[in-house]
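Scroll down for the structure; my scribbles are underneath it.
Every number here is computed from the coordinates shown, using simple stated rules; none is lab data. In this text the structure is predicted, and so the values were computed from the model without any measurement. Note that each Cβ is placed from the backbone with ideal geometry, even for glycine, and that neighbours are counted across all protein chains shown.
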Amino acid sequence: MILVRGGRLIDPASGTDAARDLLVDGGTILGIEEPGVIRPEAADEVIEAAGLAVLPGLVDVHVHLREPGLEYKETIASGTRAAAAGGVTSVCCMPNTRPVNDCGAVTRFILERASVGGAVNVFPIGAATKGSEGEGLSDLGELVDSGCVAVSDDGRPIGSPAVMRRVLEYSRIFDIPVVNHCEDLGLSAGGVMNEGKTASALGLRGIPGASEEVMARRDIALAELTGARLHVAHVSTAGAVRALREAKARGVRVTAETCPHYFLLTDEAVERYNTNAKMNPPLRSAQDRQAIREGLADGTIDAICTDHAPHQADEKEVEFDRAPFGIVGLETLLPLSLVLWREGVMPLMDVVRRLTQAPAEIMKLDRGRLAPGSPADLALVDLDAEYRVDASLFHGKTRNTPFDGWTVIGRVERTLAGGVTVYRRGHG
């Protein structure tokens, strides 16, 4: 048994923010008590958590682990090590691998690799259509039976409204969310960054915010028609936030996520053709950034994730037009999200909720909470530790982040997944 003693337990699911001791037996939380109730001799190991916050392990519902097929960018082993270093104990991995995860065989391969070399829990998301080509539907039943928790063609939008409707209708049988990358390719075709003054100054073709809003509104209408569960990925625009807010007011079964780069950066980060600030959807305007913050604060946007998308340095060190979209984010997710609390955008409890309980509930995972009987997934965090992000020290395979060199506050000291220490600062 393990006793985690003297920490400040913050658990949005129960509303707890207080000093508590926590006893772990195997991979499960056995008990949570006020300080001193659990005797140290009851445990085989005592973890001193004085001065630290004890959070549920973070749940990231949008991660690209790249395996199978793109292991030079990331592997399940390296990606989950990065997750552990960031306090993330559960990741949902997107299907745009090679081959695409559109069948049970690929899903089972991912889970087998995770069981052998993964540091944290891995929950696959299957492809909604065969090969993620937006035409024939994948066998959703086979994907779910094999372990998928949702379906998506992420990286590509499902362009056909008829196909999207069929996916949504099919998904209702299994009550899983359909995750769509909301982008109208007719509006965004050829674009490489946000349409606006910065794009004009740099001579780069822009992607208008309407590209996201148009597709989000289409998907919301189809979710309303079918009664299915829609999850809107990586929201970046004020228009999409408005559409989501209106849909939720009508009772549509829609949830949404965003990423730290959308509430911290704007398209001005692309100046000097910084390819580490190139992602899809792109960084938007200051007005969009403010709308994202407001959407998080009022619950319109349910979850914060990373859209962790690793690329090797030589892939990014090319002309901006030719560089791939995407940045890494697992090891900076928590401190960057805590900016919302420090700047008074939302209370600490709500920030933690967007990183734990809410994403777990979207994917119906038994994670993201601290309670007797729950899996012992914990992040021990020094909320007052100030440090500089050093991408050269990342645990994943790549370094493509626009936050290298940023000063942040809030450092993960130790991560436990299933009661096992999978990360401890200064111990490899």
Per the Cauchy relation, a quarter of the hull surface: what is the mean projected area of the convex hull of the alpha carbons in the chain, in nm²? 18.7
Given charges at Cβ of Lys, Arg, Asp, Glu: region 57-362 dipole, positive-most of 196, 237, 296: 296
Which value in Å does the Kirkwood hydrodynamic radius of region 53-171 take, with 1/r averaged over all unlike C-alpha pairs and then inverted? 14.4
Inter-probe distance in nm under a simple model that places probes 7 Å from Cα toward Cβ, at residue 41 and residue 98: 6.1
If I model a spin label at residue 348 and residue 371 as a point 7 Å from the Cα along the Cα→Cβ vector, what separation in nanometres do I get? 2.3
Protection proxy ranking, peptides 107-120, 150-163, average beta carbon neighbours within 10 Å, highest first: 150-163, 107-120
Got the relative contact order for region 171-273 handy, in percent, Cα pairs under 8 Å and 6 or more residues apart? 29
FRET efficiency estimate (nearest 0.05) - Cβ-Cβ, residue 115 to residue 406, R0 30 angstrom: 0.30
Nearest 10 degrees, 0 to 90: helix 76-85 Cα axis against the chain principal axis: 60
Here the FRET efficiency for residue 425 versus residue 210, based on Cβ atoms and R0 = 41 Å and rounded to 0.05, is 0.40
Approximate shape of region 106-208 as ellipsoid semi-axes (Cα gyration tensor, √5λ), whole Å, largest first: 32, 19, 10
Listing 387, 170 by rising number of other beta-carbon atoms within 10 angstrom, fewest first, gives 387, 170
Which FRET efficiency value, to the nearest 0.05, do you get for residue 160 and residue 325 by plugging their Cβ-Cβ distance into 1/(1 + (r/R0)^6) with R0 = 22 Å? 0.50
Beta carbons within 10 angstrom, averaged per residue: use that to sort the peptides 230-238, 40-48, highest first. 230-238, 40-48
For region 316-412, what are Rg and Dmax over the alpha carbons, in angstrom? 16.0, 53
